[in-house]
Structures are given as C-alpha cells and as structure tokens.
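The values are calculated or read from the model by the stated rules, or taken from the named source; none is laboratory data. Because the structure is predicted, anything quoted here is derived from the model rather than measured. Counting neighbours? That spans all protein chains shown, and the Cβs are built from the backbone with ideal geometry, glycine included.
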Amino acid sequence: MSLQRPPFDPVFILRFWREALDGSGSARWRVQVRNINTGRRDVVDDVQSAFTIVTANLNAAEEKYERSEEPRTGTSGDDFDDKSLC
C-alpha cells in the first residue's frame, strides 16, 4: 500500500499574542492565522477559532484533492509497462 499525498502541503502560520481587555487588567489571546497557499489572513479572538479556521482549510484542501483524483480502470498492474524499462 502506498501513501498518497495531496498535490501540495497546506501551510499555515499562527501568530499568538495577549491583548488587554478595556483596562480591566485581564487579557485575552488574539491569533492571526495566515494561509501561505492562498495568502489569506484572519485575526480571531481566541485559540479555538484559529484552529477552526485551520481545520476548515484542511478539510477543503482534502475535498479538492479527492475530487481531482480520476477513477482508475482496469486491473491492478495494468498501468505498468515492462517496455518502459528498456
């Protein structure tokens, strides 16, 4: 069995920082999510939302990859030609 990979690897950069809330002394995490493949950038107010964006992008890439695969016809081994080795 061979391992199949998508035609490209989705790449993300996540930048985390703390931001104060209205002078109350408490802070929250902010996250910038950057998709290197598409150039899209999102800024969200919590870590969970950042990973939701990444998950959605990975699922979309997987669906795109699955749709791009053409169904194979014939029997196993039909795609190998011994003459190509000569």
Looking at the range 7-24, is at least one residue under 13 Å from the mean Cα position of the chain (by Cα) and modelled with pLDDT under 70? yes
The range 48-85 - residue that is surrounded by 12 or more Cβ atoms within 10 Å (Cβ to Cβ) and at pLDDT 95 or above and, of those, farthest from PHE12 (Cα to Cα): SER49
